[in-house]
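The values are calculated or read from the model by the stated rules, or taken from the named source; none is laboratory data. Computed from a predicted model, the values in this text were never measured in an experiment. As a convention, Cβ positions derive from the backbone with ideal geometry for all residues, glycine included, and neighbour counts pool all protein chains shown.
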Amino acid sequence: MDRFRLFFVLFCWCAISMQAQLCPFTRILDKYSVIDTCRYKVYYEFRMAPTTDENGIAHDVHLLEIGEKYTRCHSYLLYQGDSLYTECEKQGLPSRSLNQYVWPVETRMDFDKQETTFLFRPFLHDMVLKYTEPMEHIDWQILTETDSVAGYLCQLAVCQFRGRDYQAWFSAELPFNVGPYKFYGLPGLILKMEDSEQVFQWDCRRIEKAKSGETIRSYEGKYQDSSRKKVDETVSRIYSAPYKFAASLGIKIKMKTKSGGWTDSGNVKFSMPYKPIEKTINP
């Protein structure tokens, strides 16, 4: 971590409310490998609401990139923050991390290998938690209800995926059997989706054909390869005690107390609302 970003973290965390949400560090996007040609881009309004407290709700935009063999779904707002940070670094201009609570999760689906890669960018650190697993078959039940989403005629389907019940609206007018996160397998693109508790919601706002030459990219980073179980355990630790997690990584943060003094953040009891998208975890 460079000195400027460390100073920024120290300054902001001392200045903001203890109840404020944490944001992942932005990163430079100058090194990457091309994994596929991008055909279409789907923009979803995303909402993650593990609590009724507005401070604990993530409002984000998710971008689903559809290629010939791959799909990539990630936070578009975080990508914009990364892009701005990259450009500022090139120009030698001051920059700072994203100042908005987003869901720092990315999924890539490889339909040739039938594998899904999951990436999580922890708060206060530039490492990326990563695991790859076989694509899990989803047992969809297609119902008769229809509705219009983003101007397309859609049909309702329901499924259970790793401990949560979902309903999805898909359109046969868009012949892509994919959707946000790890969802796939319907005879049309998923345009709207939510779980029965309404903790996770995706609502398509725009679909566009990719420009000629646009690609799906895998950006270089400090990846920490692991298993789904271990990543879930680490993410749970991060949300339950983010300051202690930061301290375990050697990140020292001084925070101002109500009395006007200073204390190490590791001594502060603070947690973030968290409900895992996957309730059932296998090794």
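General observations
Quick grid of which residues meet (1) outside any strand (DSSP E or B); (2) among the β-branched types (Val, Ile, Thr); (3) closer than 27 Å to Pro273 by Cα:
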| position | (1), (2), (3) |
| --- | --- |
| Cys159 | no, no, yes |
| Asp165 | no, no, yes |
| Ala168 | no, no, yes |
| Pro175 | yes, no, no |
| Lys182 | yes, no, yes |
| Ile190 | no, yes, no |
| Met193 | no, no, yes |
| Cys204 | no, no, yes |
| Glu208 | no, no, no |
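- Subset of region 126-157 that is part of a loop (DSSP other than H, G, I, E, B) and not β-branched (Val, Ile, Thr) - its residue that is farthest from the chain's Cα centre (by Cα): Gly151
- Every condition in (1) in a loop (DSSP other than H, G, I, E, B); (2) aliphatic (A, V, I, L, M); (3) surrounded by fewer than 21 Cβ atoms within 10 Å (Cβ to Cβ) holds for Val102 except the one numbered (3).
- Filtered residues of region 30-55 (kept if outside any strand (DSSP E or B) and loosely packed, with under 12 Cβ neighbours inside 10 Å): Asp30, Lys31, Thr52, Asp53, Glu54
- The sole residue among Phe183, Phe118 that is under 21 Å from Cys38 (Cβ atoms), in contact with a helix residue (DSSP H, G or I) (Cβ under 8 Å, 6 or more places away or on another chain), modelled with pLDDT of 95 or more and among the hydrophobic types (A, V, I, L, M, F, W, C) is Phe118.
- Taken as a whole, the condition of being touching a helix residue (DSSP H, G or I) at 6+ places or on another chain (Cβ under 6 Å) and hydroxyl-bearing (Ser, Thr, Tyr) applies to Tyr131.
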